[in-house]
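Step one of this worksheet: look at the structure below.
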Amino acid sequence: RSPSLPQPMPASSEPLLPPSGTSDWGTGRRLIVVVSAVLCCLFNAGLAFGFSALLPVLIDSGAFHDVCSSSSAGGATCPEQLAALTGMFTLATSLLNVFALPSGALLDCLGPKRTAGCLLLCSAAGCMLFAQGGDGSQGHIAFYGGFLLFAISGPSMFNCTLSFSNFFPKRKGLICACLVGCFDASSSIFVGL
């Protein structure tokens, strides 16, 4: 006697429901949330991945130039400076991957709206801290800490916004495509700046 194969589950004909507590929202309010999520992804989600455009600006402004040995020429880039700058990117992108699990747990606990709000504040704090970077250990900590904050908060914020496509179930694919496109486009923000 042959074992019976598992039968596939029938496809659900029920439409996807909008996030809980939002069923009485009008179309305008849902549209504002989706547009704000798209803009949020455009300006925050992949900032860390635009590091290649930011690197020449940081070098020109003298970021981490104080770590160069005294034998380095006046305005030339030294290996120690490049190591510090690329180390900042490496640390941030490594911790970005590590932060995926805690950010998922945070998303489950707080929900997408509150989590996205918290992460947006972290991204803003990271940008402000990064702007305070300069020479010396405090300036280096500001560069590293600021870059780290907006690097780990951006992709996690993107994860929060994916559920917002449920506001318009018939346009879910289009909304997800806009969010993913804005995530990719956000790496070019530093090119524009």
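Quick look at the numbers
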item: Rounded FRET efficiency, nearest 0.05, which uses the C-beta distance separating ARG114 from ASP60 and R0 of 41 Å; result: 0.55
item: Stretchable slack from VAL67 to LEU82, in nm (0.36 nm times residue separation minus alpha-carbon distance); result: 4.4 nm
item: Under 17 Å from the SER137 label point (7 Å along Cα→beta-carbon), backbone N, region 34-70; result: 64, 66-68
item: Sorted peptide list for 171-178, 32-39, criterion being average Cβ within 10 angstrom, highest first; result: 32-39, 171-178
item: Pairwise FRET efficiency - LEU95 versus ALA124, Cβ, R0 = 22 Å, nearest 0.05; result: 0.75
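No value in this document is a laboratory result; all are computed from the given coordinates. Just so we're clear, the structure is a prediction, and the values are computed from it rather than from any experiment. Methodologically, a virtual Cβ is constructed for each residue, glycine included, from the backbone with ideal geometry; neighbour enumeration extends over all protein chains shown.
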